[in-house]
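**Student:** Quick one: the structure is below, and I'll ask about it shortly.
Any read-out appearing in this document is the output of simple, stated calculations on the displayed coordinates, not a laboratory observation. What you are looking at is a predicted structure, and each value in this text was computed from that prediction instead of being measured. For neighbour counting, all protein chains shown are included, and Cβ atoms are generated from backbone atoms with ideal geometry for every residue, glycine included.
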Amino acid sequence: MTNSKFTSEFFAGNRARLKDLFTGTAPIVLTANGLLQRGGDVTYPFSQDASFWYLTGLNEPDITLVMDRDKEYIIMPVRSAMSEVFDGKVTEDALSRRSGVDTILANKEGWERLNGRLKKVKHVATLAVSPAYVEHYGLYTNPARGVLVDRLKETNPDLKLLDLGPHLTRMRMIKQAPELVAIKAAIDITIAAFKEAARPARLSKYAYEYELEAAITGGFRKRGATGHAFAPVVAGGERAVTIHHLANDAALSADELIVVDIGAEVEHYAADITRTIGLKTVSRRQRAVHEAVQDIQQQAFGLLKPGILMKDYEQQIVQLMGEKLRELGLMKSITPKAVRYYYPHATSHFLGLNVHDVGDYDHPLEPGIVMTVEPGIYIPEEGIGVRIEDDVLITGSGIKILSNKLPRGLS
């Protein structure tokens, strides 16, 4: 899906701001992501490096962006005739119109120009290479940045690399008007699709989690979203105790609560909303847990404003959550360790081009930041999991709840 709210001026403005923040004279060289193998000669759907898209608006793999003093150019990847037949031809004119970069060079010509410059400099600014495997998350990272650095070092082994990550993090934290439009569109589509899929008349007919997921997916696509911003969670009963339950293949039971954690993607920008709903029979205990989470979320809304540090905010939520857990009879003495047994995740994260977007958690909140507020209580012994999540914009005096049109009740 294309959208006119992101013009070449938006991307050119981001590049200009980056150069102003960087202040150095070293060439800036950045790469798009590469395609990843799914199996045989089939790839996973392409997902662009968020910072590369932020600077160019380009959604093609293996492109290189160079910003060198007052010059900008894009180096095209090598593409076979067969690739163009199967995947389509990428024209230089289209890349230039979209990005606002006037000079588009073929691969050989572009690298000859860049290599000539690299041999004369001591530093190059780029984005730091992520570890090939991130053990904490159990995932492999896209190798494109590493491939770029290897190629830069081949030309000049003595090059020192300067990391642009902190600059781009601060830039991307504060959302510009077109970004807020895209995020709000993603939120509105998420809300509309959820309301349609979870109407009582339809909800009662779902036998499996994936049936609700499929209805939401269809709702996203027919309203213009590119799809899900992340793998959706539709988790009934005890499965909701697993924060990222992704199988969505179990049978639904009338006496279970269902955690639905979803977000549409519009022009690369994400929504992230969670509701916990009941199918038919909601017990007094389930309702008490749900009301406790709702109350914590309301208190969290009241804490957020410019100048707040995320770590202080999270500590306050842990204390408030401990009091609720004690009221529910789940603990006698409030300690962070005891609270984390029933509430193992943070209350908030940044939202934008990635659902868990980049951001400086040690920097005070500022107007223009978009973030989630998502407390939850998970009781493995009782097979109850409840999470409620909304997306908010930090304003000059507090917050604006962007997803307020979606009711938070159990039914």
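**Student:** With a point put 7 Å past each Cα toward its Cβ, work out how far LYS153 is from PHE86 in nm, to one decimal.
**Tutor:** In this crude label model, LYS153 to PHE86 measures out at 3.1 nm.
**Student:** Also, quick follow-up: Any idea what % of Cα-Cα pairs in the chain are farther than 31 Å?
**Tutor:** 45
**Student:** Next question, about the same structure. Less than 13 Å apart at the alpha-carbon level, and either on another chain or at least 8 residues along: which aspartates and glutamates does that give for LYS160?
**Tutor:** Straight-distance partners of LYS160: ASP150.
**Student:** If we count other beta carbons within 10 Å of each Cβ, what is the order of ASP163, ASP49, ASP87, fewest first?
**Tutor:** ASP163, ASP87, ASP49
**Student:** Kindly work out what percent of the DSSP beta bridges joining two residues of the chain are antiparallel, to the nearest 5.
**Tutor:** 85
**Student:** Whole angstrom only: what separates the Cα centroid of the stretch 204-225 from the Cα centroid of the stretch 10-35?
**Tutor:** Each part reduced to its Cα centre gives a spacing of 39 Å.
**Student:** Is the shape of the stretch 174-401 rounded, prolate or oblate, going by the alpha carbon gyration tensor and its root eigenvalues a ≥ b ≥ c, with a/c under 1.5 for rounded and a/b larger than b/c for prolate?
**Tutor:** It comes out oblate by the Cα gyration axes.
**Student:** Can you tell me which lysines have their Cα less than 20 Å from the Cα of LYS71? Leave out same-chain residues fewer than eight positions away.
**Tutor:** LYS19, LYS108, LYS119, LYS120, LYS122
**Student:** Using every Cα-Cα pair within the stretch 213-280, state what percent have a distance larger than 15 Å.
**Tutor:** Every Cα pair in the stretch 213-280 considered, those over 15 Å come to 52 percent.
**Student:** Mind checking which lysines have their C-alpha under 19 Å from LYS184, skipping anything on the same chain fewer than 8 residues away?
**Tutor:** Partners found: LYS5, LYS175, LYS195, LYS222, LYS400, LYS405.
**Student:** Relative contact order of the chain, please, whole-number percent, based on alpha carbon pairs below 8 angstrom and at least 6 residues apart.
**Tutor:** 14
**Student:** Further question: Around LEU246, what is the net charge, scoring Lys/Arg as +1 and Asp/Glu as -1 over all other residues with Cβ under 13 Å from its Cβ?
**Tutor:** -3
**Student:** Among TYR341, TYR206, TYR269, TYR137, what is the fewest-to-most ranking by other Cβ atoms within 10 Å?
**Tutor:** Sorted ascending by nearby Cβ count, the order is TYR137, TYR341, TYR206, TYR269.
**Student:** With charges only on Cβ, +1 for K and R and -1 for D and E, what is the dipole size of the stretch 174-401 about its Cα centre, in debye, rounded to 20?
**Tutor:** In debye, rounded to 20, the stretch 174-401 gives about 600.
**Student:** A further question on this structure: How would you rank GLU327, GLU265, GLU382, going from fewest to most other Cβ atoms within 10 Å of each one's own Cβ?
**Tutor:** So the residues, fewest neighbours to most, are GLU327, GLU382, GLU265.
**Student:** Thinking of the stretch 8-171 as a set of Cα atoms, what percent of all their pairs are more than 25 Å apart?
**Tutor:** That fraction is 30 percent.
**Student:** Tell me which DSSP H helices of the chain clear both cut-offs, 24 Å or more of axial length from alpha-carbon atoms and a mean Kyte-Doolittle hydropathy of at least -1.0.
**Tutor:** Length and hydropathy pass: 177-197, 284-303.
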